[in-house]
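The values are calculated or read from the model by the stated rules, or taken from the named source; none is laboratory data. Since the model is a prediction, treat every value here as computed from it, not as a measurement. Using ideal geometry, Cβ is built from the backbone for each residue, glycine included, and neighbour counts are taken over all protein chains shown.
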Amino acid sequence: MVSITACSIVAALHSKKEDEYFTMSSDDGEMENQAELEEKTRLINQVLELQHTLEDLSSRVDGVKEENLKLKSENQVLGQYIENLMSASSVFQTTDTKSKRK
């Protein structure tokens, strides 16, 4: 699972934002900071969306694995049933061709 949380991303961006704010001039810096903040917000939202997608896909994979195990088990039961039917039927019994020819 993804270990990056939205809170850790926001906290890291917030501290970086504070450092950048004090080093820029107020007029140009505010517009640049606003654009950077919007881009960072967009990226955070994209990361969160991808996390949810990953969680959904992981759930689907788990469901498919469970279904696969169930079907394998059913196939084993059916295979054993067919083998038992074949062994009980005279049609599928091996015959000794030498004894019939004599």
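What the table below lists for this structure:
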| quantity | calculated |
| --- | --- |
| Selection from the stretch 50-61 of residues that are within 8 Å of the chain's Cα centre (by Cα) and of a type outside the set (Val, Ile, Thr) | LEU54, GLU55, ASP56, LEU57, SER58, SER59, ARG60 |
| Residues of the stretch 33-81 satisfying the condition of being among the β-branched types (Val, Ile, Thr) and either in contact (Cβ under 8 Å) with a residue 12 or more places away in the chain or surrounded by 11 or more Cβ atoms within 10 Å (Cβ to Cβ) (or both) | THR41, ILE44, VAL47 |
| Index of the failed condition, MET86 passing every other in (1) touching a residue at least 40 places away in the same chain (Cβ under 8 Å); (2) touching a helix residue (DSSP H, G or I) at 6+ places or on another chain (Cβ under 8 Å) | (1) |
| Counted residues, the stretch 9-32 - those being modelled with pLDDT of 60 or more, surrounded by 10 or more Cβ atoms within 10 Å (Cβ to Cβ) and over 36 Å from the mean Cα position of the chain (by Cα) | 4 |
